[in-house]
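What follows is a set of notes on a single structure, which appears directly below.
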Amino acid sequence: MGFTRILAANHKISASALFLLLFFFLLPSASASAEPGGALEIIGPGVETPGTFKLSELEAREQYEHIYSAVNTYPTKQWYVARGVLLKDLLGSLGLRDEATLIRFYSQDGYDVVFTVQELLVDKRYYFPKLKDNHPSDGSVPGSSEDAEEVETILALVSAEGSDNPEHMNTKDTLQLILGQRAVTEQVSTLFVKNINKIEVLTKELEQWDRPRMNVPEGFVLPPGAKLILQNKNSDTDKIYYTIDGSTPTVDSPMFNWSASRWWPLRGDLDKINAPLKITDDILKDHDKQTLTIKARTIGPGKKDSDIVTFTFYIDPDAVDPTLETGGPTTGVFLDRQEIELPVGGTFQLEARVEPFNADNKHLIWRSNDTTVAVVDTQGLVTMVGTGSAVITVETVEGGHRATCLINGTGGEEEDKIEVEEYLVEGDNNVKADPVEGGGVDPAETAPSPVSDERLSTDRWQYLISRDELSSPTIDGTPGKEQAPLGQQIFAMSVVNPTPLQADNHELSTTLIFLFLLLSGAGIKYSEYVKEL
């Protein structure tokens, strides 16, 4: 696998430790390859007749071969060449229902990606032979869309990454999802699921991507030179597209978040790749130079496009730039949701908005009142771990302002349901839901920050807050600040800013601990992080 290749190439590690790594990583793939000929299972209510195809049966079907252009989320431009069966024909042979809305692809290693039927089987996709015009590798420099060729979405039996030469094709990634780009800048490489063994066709109602937000609330008076930053919750495969000419944003419009959040800790040039929109005479030339209107929407795989958000700003050369001025003490915090229902194992990204938008201190502390039901990490990602109900609380380090969200585990007993009002304390700021529209909070700044050096370890684990501290009257170092009781609180660790394992002089016990963490969950995040390397 890619991880073991990277680890072995970049670090000195004992033979015994490397053997253990190889054993644990290769065991699942060895078992899978031991199956006679391999098989693809297609299930779900979206097909009339679920079925299983042996590899030999797929090889006997009509084959489609083409070169594909692609961009990954770093972003880097790439070529692919592949040959395989048409996805639409394969699903059609099982009776693709009109009610089908989503198609989920599962890899043998547990990785999965979901698409809407519309984007995968209806929208036209292309090979752009001039992808590398203007720059041979930097995906943030758009290539030319001239001479585009429409291509089909396939399950490749043979393929080659980083090449347009058919002689380089091989079977190491069989079966692999390969699809074209809808626009020359669309980032699709990370969606090319490898070693697929199952496809699930669903009929569930489509969710919608969250609307983009701006670092400055809509309607502010700004001076020329002010820098505007568009934001959304994930900023990964979901991309923010915008326009400044009044037109509707599409995948052909300018992209803001070229580099996905998974790469931000590794990029020293992030401010150049995901560059702020600086208010200049060039931007204002199509306006009356007294107003600036920006339209934006989030577009990504597996969900409906977000609603279009319009931001209007007024331009005044004498105005104070609010992005350079501090807004003083924190006055409140709001969550984008007050109540959520999740199945066990499901996740939801809560987002907190601190007021004022340019408060001096935006640091937050996240808690769950029942960690046997739901846990929350330092970024507000909620994971349902059991049935019942729990309350997630976010609190500003400065001022102690709080907001809460009730999490209900689907399948739990009705009597286990609780009302969020039980946990609201005097002075809370989100008794009523407050939708996030124009103004927002920088996701990178919403992570809780330690109030002392002891609060943050020097490795990859970020300290959240201890049970003792939660019952202490001084959780932020301010004497005399009492904390309202919230019952059982969360004591959790979460992986942040993963970096390659430092394996020099590792003992066997260290390796075993690493393997345990890797196979029990931390490794899933790491594997997603390095998937495009």
request  = Find the all-direction average of the projected area of the Cα convex hull for segment 86-149, expressing the result in square nanometres with one decimal place.
outcome  = 6.5
query = Where in segment 184-219 is the amide nitrogen less than 16 Å from a point lying 7 Å along the Cα-to-Cβ axis of Arg97?
reply = 200-206
ask   = Taking amide hydrogens as modeled 1.01 Å from N in the peptide plane, which residues meet the under 5 Å criterion relative to Glu339, leaving out close sequence neighbours?
value = Leu406
ask   = Expressed in nm to one decimal, what extension gain is obtained for the pair Thr310 and Glu207 from 0.36 nm per residue of sequence separation less their Cα-Cα distance?
value = 35.0 nm
query = Sorted by mean Cβ packing within 10 Å, highest first, what order do the peptides 377-383, 168-174, 73-79, 277-283 take?
reply = 73-79, 377-383, 168-174, 277-283
message = Assuming 0.36 nm per residue, please report the length gained on full extension of the stretch Gln290 to Leu381 beyond their Cα-Cα distance.
response = 28.8 nm
task = Under 1.5 on a/c is rounded, so check that first for segment 204-283, then, if it is not, pick prolate when a/b is larger than b/c and oblate when it is not; a ≥ b ≥ c are the square roots of the alpha carbon gyration tensor eigenvalues.
result = oblate
ask   = Shape of segment 48-200 from its Cα gyration tensor (a ≥ b ≥ c, root eigenvalues): rounded if a/c is under 1.5, otherwise prolate when a/b > b/c, or oblate?
value = prolate
remark   = A student asked for the Cα radius of gyration and Dmax of segment 147-226 in angstrom ought to give 20.0, 59
query = Using the Kirkwood formula over every pair of different C-alpha atoms, what hydrodynamic radius in Å results for segment 287-380?
reply = 17.2
task = Please identify every one of the GluC sites (Glu not before Pro) in segment 271-351 that sits in a loop by DSSP and has no more than 13 other beta carbons within 10 Å of its own beta carbon.
result = Glu325
query = Looking at the square roots a ≥ b ≥ c of the eigenvalues of the Cα gyration tensor of segment 115-184, which shape do they give, rounded for a/c under 1.5, prolate if a/b is larger than b/c, or oblate?
reply = oblate
request  = Sticking with the crude label model, points 7 Å out along Cα→Cβ, report the distance from Lys227 to Thr49 in nm, one decimal please.
outcome  = 6.0
inquiry  = List the pairs from Lys88/Lys198; Lys132/Lys239; Lys172/Lys303; Lys124/Lys303; Lys77/Lys272 whose alpha-carbon separation is above 24 Å, in the order I gave them.
reply    = Lys172/Lys303
message = I'd like the accessible area for Val141, computed on protein heavy atoms only with a 1.4 Å probe and all protein chains in place. Round to 10 Å², please.
response = 50
note = Pseudo-spin-label distance Ser247 to Thr372, built 7 Å along Cα→Cβ, given in nm, is 5.8
Stretch gain in nm, segment Asp133-Asp318, where the contour uses 0.36 nm per residue and the Cα spacing is subtracted = 62.4 nm
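The values are calculated or read from the model by the stated rules, or taken from the named source; none is laboratory data. The model shown is predicted, which means the values in this text are computed figures rather than measured ones. Heads up, the Cβs are rebuilt from the backbone with ideal geometry, glycines too, and the neighbour counts pull from every protein chain shown. Heads up: the accessible areas ignore ligands, DNA and RNA and are worked out on the full protein's heavy atoms, side chains in. Shrake-Rupley method; radii C 1.70, N 1.55, O 1.52, S 1.80 Å.
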